[in-house]
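Working notes, beginning with the structure itself.
The values are calculated or read from the model by the stated rules, or taken from the named source; none is laboratory data. Please read all numbers here as calculations on a predicted model, not as lab measurements. We place every Cβ from the backbone using ideal geometry, glycine too, and count neighbours over all the protein chains shown.
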Ligand code: OGA
Ligand code: NI
């Protein structure tokens, strides 16, 4: 179902926000707990790769990662080693892409049968609330999954830039997944092995400024369906909030850090030991916001279900499905909190 381009709409509408974007639920839901660097309870944990891979500190830092995945499902990653030049180039090219005239961006527009390309979040019905966000969605790996028709060639370096960044993100997520495997008692590195050849996708999010930011949402509350997400904040505008203790915590990005979060697949594989935390995006009336979310998932034929070695006789909390069936379920339902995860839950 086609929806309007939000960037163009934001310029056009002024203070008259179309009804399909206006959220009644924001008022009662808006207990916002402000993120604060000084308090452990109010900001997501910070995981330092410098320590995680230093023999002297690795056990301690791995334990901190375990608690971060268990209690928060979200954490900052610092000293991740992604080259500054690669990040800067990505920020530059993506910012430039979203600045292009609509006709130019539409050269890589979504088409009916595909989720990839430039456009908006998938819409299921005329009643569905719309999000204050335009996206570019691309599959970057494995190579056979790449559909270059959706990859911008303007700016000219864009494809190469995305490839370079994707390779770096893959390395960071591999490293995290190795430690996660170990933390879950899988000495074989099983979770890492499962995701190694998996599908990697990227979602480039553009949230235009809005004259009434409190009426809309950039992204509705949702949990990510993949295994692990690594989010890069492109400019200084923040807006990501995670659900915790009955309120929303604003995630204040740390300069140079990536924001990692556990996705539904990891919650399921770990039989609920790790949490795929619900999050949403609020927008502002000052300036556009840009982010790049990289998702690491499994691949075709893989089973999304609690890993037998983790269960070790314990009762599975989730059903098992082949990735294709799991993906079909995702696209048959709109993004609504953790509803996809709920569908996978087994009742007593
Ligand atoms: C996402 C997401 C958060 C953000 O793309 O799934 O949650 O801050 N993005 O853009
Ligand atoms: Ni998300």
Checked pairs for the stretch 141-153, first part of a helix (DSSP H, G or I), second surrounded by 15 or more Cβ atoms within 10 Å (Cβ to Cβ), C-beta under 7 Å and 6 or more apart or across chains, list as 145/139; 145/199; 150/108; 150/116; 150/117; 150/138
Residue 221 meets each of (1) closer than 24 Å to residue 330 by Cβ; (2) modelled with pLDDT of 95 or more; (3) within 16 Å of ligand 2 (Cβ to nearest atom) with one exception, condition (2)
Quick check on the stretch 210-217. Is at least one of its residues within 16 Å of ligand 2 (Cβ to nearest atom) and surrounded by 19 or more Cβ atoms within 10 Å (Cβ to Cβ)?
yes
Per the filter on the stretch 276-314, residues closer than 19 Å to residue 177 by Cα and within 14 Å of ligand 2 (Cβ to nearest atom) are 276, 277, 293, 294, 295, 296, 297
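Every residue, every condition in (1) under 21 Å from residue 275 (Cβ atoms); (2) modelled with pLDDT of 95 or more; (3) out of contact with any helix residue (DSSP H, G or I) (no Cβ under 7 Å at 6 or more places or on another chain); (4) not in a loop (DSSP other than H, G, I, E, B), yes or no:
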site: 294; (1), (2), (3), (4): yes, yes, no, yes
site: 300; (1), (2), (3), (4): no, no, no, no
site: 309; (1), (2), (3), (4): yes, no, no, yes
site: 313; (1), (2), (3), (4): no, no, yes, no
site: 316; (1), (2), (3), (4): yes, yes, yes, no
site: 324; (1), (2), (3), (4): no, no, yes, yes
site: 327; (1), (2), (3), (4): no, no, yes, yes
site: 331; (1), (2), (3), (4): no, no, yes, yes
Somewhere in the stretch 119-136, is a residue touching a helix residue (DSSP H, G or I) at 6+ places or on another chain (Cβ under 7 Å) and part of a helix (DSSP H, G or I)? no
If you go through 176, 180, 135, the only one that is away from ligand 2 (no atom under 16 Å from the Cβ) and closer than 19 Å to residue 292 by Cα is 176
- Message: Within the stretch 248-258, does at least one residue satisfy the condition of being on the phi < 0 side of the Ramachandran plot, crowded, with 24+ Cβ neighbours inside 10 Å and within 15 Å of ligand 1 (Cβ to nearest atom)?
- Response: yes
